[in-house]
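The values are calculated or read from the model by the stated rules, or taken from the named source; none is laboratory data. Quantities reported herein were computed from a predicted structural model and do not represent experimental measurements. Every residue, glycine as well, gets a Cβ built from its backbone with ideal geometry; the counts of neighbours run over all protein chains shown.
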Amino acid sequence: MLVRTRPFNPAFDRRVDRAFDQLASSFVAGTTRRSPVVDAAWQDGSLVLTVDLPGTPGDAVGVAVAGRTLTLSATTPRLSWERSVRLGAALDPDQVSASYVDGRLTVTVGAVAAAEPRTIEISTTPAPAIEVEVAADEASASESDDQPENATSDNA
């Protein structure tokens with residue numbers, strides 16, 4: 001008996017999962033309308049997300065960042081879609097840009113800038129002396145404390 005196996009291929013597995021999800025959705029909903037798919041790829045150190053939204057006007061498409069969550073959305077009379085993605089520590093939520101051309105939304109998320117090495121200057125001057133002022137009440141209290149404990153009084 002000959003058994004053929006295929007090696008693990010994440011890209012192929014994702015395509016199969018998407019196709020199955022779309023097929024199952026069409027049977028359940030009774031329609032062939034499919035949900036938009038977000039494709040992701042690394043390009044020049046940035047994460048690039050693309051979504052095809054044919055026939056969707058640009059003003060119906062939204063991109064928002066709240067904290068470390070990136071949300072993509074599209075709302076029309078025939079489509080209400082939203083997808084949220086949590087940005088990892090390597091991605092900078094302040095470096096998000098988006099474009100929408102010919103029905104394709106492209107969102108680019110830049111990577112966090114690496115900390116540049118720098119030299120710290122070491123000071124060689126001594127720290128200034130700190131003067132302490134004592135309040136008058138504290139000074140009189142400390143003077144009474146200076147008398148010896150076994151001192152005799154004149155009345156004895």
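Out of T75, T125, T71, one residue alone is touching a strand residue (DSSP E or B) at 6+ places or on another chain (Cβ under 6 Å) and either of a type in the set (S, T, N, Q) or modelled with pLDDT under 85 (or both). It is T71.
One line per residue, one yes/no per condition, for (1) within 30 Å of S35 (Cβ to Cβ); (2) surrounded by 13 or more Cβ atoms within 10 Å (Cβ to Cβ):
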| position | (1), (2) |
| --- | --- |
| A66 | yes, no |
| T75 | yes, yes |
| S80 | yes, no |
| T108 | yes, yes |
| R118 | no, no |
| E121 | no, no |
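Does the range 50-71 hold any residues that are touching a Leu at 6+ places or on another chain (Cβ under 7 Å), closer than 16 Å to Q95 by Cα and aliphatic (A, V, I, L, M), and which are they? Correct list: V63, L70.
Inside the range 82-99, residues that are in a strand (DSSP E or B), out of contact with any Pro (no Cβ under 9 Å at 6 or more places or on another chain) and not acidic (D, E) make up a count of 10.
Number of residues in the range 100-127 that are of a type in the set (V, I, T), outside any strand (DSSP E or B) and in contact (Cβ under 8 Å) with a residue 24 or more places away in the chain: the value is 0.
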